[in-house]
1. In straight Cα distance, which lysines are under 26 Å from residue 25, not counting same-chain residues fewer than 8 positions off?
2. Rank these for me by crowding, 55, 196, going from fewest to most other beta carbons within 10 Å.
3. Using the Cβ atoms and a cut-off under 14 Å, what net charge is assigned to the surroundings of residue 113, where Lys and Arg are +1 and Asp and Glu are -1?
4. Take 145, 150 and order them by how many other Cβ atoms sit within 10 Å, fewest up front.
5. How do 73-84, 90-101 rank on mean C-beta neighbours within 10 Å, highest first?
6. For segment 51-117, rounded, prolate or oblate, judged on the Cα gyration tensor with a ≥ b ≥ c (square roots of eigenvalues), a/c < 1.5 rounded, else prolate if a/b > b/c?
7. Beyond a 22 Å Cα-Cα separation, which of these cross-linked pairs lie in this structure: 81/168; 123/186; 65/138; 81/156?
8. Count the net charge of all other residues whose Cβ sits under 9 Å from the Cβ of residue 138, scoring Lys and Arg as +1 and Asp and Glu as -1.
Amino acid sequence: MLEMGEEKLYEFMRKTSRNHYSPEKARELLEIAKDSISPDFIEEALLFEVKSLLKLIEYIEDQIKEVQTRILALWETVKDKHYLQTIPGISDLMAAMIWAELGDVENFSHPDQIVAFAGYDPKVKKSGNKKVISGPNKRGSRLLRWVLGRAVVQAKLFNPVIEQYFKKKISEGKHYNTALCAAAKKLIRIIWSVEKNKRTFQIPR
């Protein structure tokens, strides 16, 4: 661990924990390692394991890049028949993943059906004569919900329609995640509209 140094240790921790650990944590572990006494063979074994894991991460990252390249190649063969990629915030890779999960948008007569398919419709529980409505039920396609979640984060930065809608929800006192979920539903309705009407996205004047 000490031979790795702070920067390489932090990078390893960041990748394996999906950004859960901070540089301070890596620094803390190095300080603990300096004060600890371990047999040389144990330290060598641990170092070997860490290096093996780093190589495994590099291999997986290369495989991900290769899969993404293949996905984009397939998307290019059908891209001219679709319009969701014209929406600011939705990259070609995101568009391909959304298309792969949705299939033909004609199968959805209303955008709320896509909202439900993605698991963004609210949970509804009955308690006596009362209905309790809470956050998204998270049923349906996990992949679609994941990619839409990434897309809406980008859209609120580059798409004025989504940006204004998100800010409106925040100004109404909504929690960040609640506002983001509402913006994702808005994005779904836009996707459904451009695909259904076969028109490129236009920013309203």
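FYI, it's all coordinate maths here, none of it is from the lab. A quick note: this is a predicted structure, and the numbers were derived from the prediction, not measured. Here the Cβ is made from the backbone with ideal geometry for all residues, glycine too, and neighbour counts use every protein chain on show.
1. Within the straight-line cut-off, residue 25 pairs with 8, 15, 34, 51, 55.
2. Placing the least packed residue first, the sequence is 55, 196.
3. Details: positive: 139, 185, 189, 196; negative: 101, 104, 106, 112, 121, 195.
So the environment of residue 113 carries a net charge of -2.
4. Going from least to most buried by this count: 150, 145.
5. Ranked by mean Cβ neighbours within 10 Å, highest first: 90-101, 73-84.
6. On the way: a/c = 3.05, a/b = 2.07, b/c = 1.47.
In terms of gyration-tensor shape, prolate.
7. Working: 81/168 33 Å; 123/186 18 Å; 65/138 28 Å; 81/156 25 Å.
Beyond 22 Å between Cα atoms: 81/168; 65/138; 81/156.
8. Spelling it out: positives minus negatives among the neighbours equals +4.
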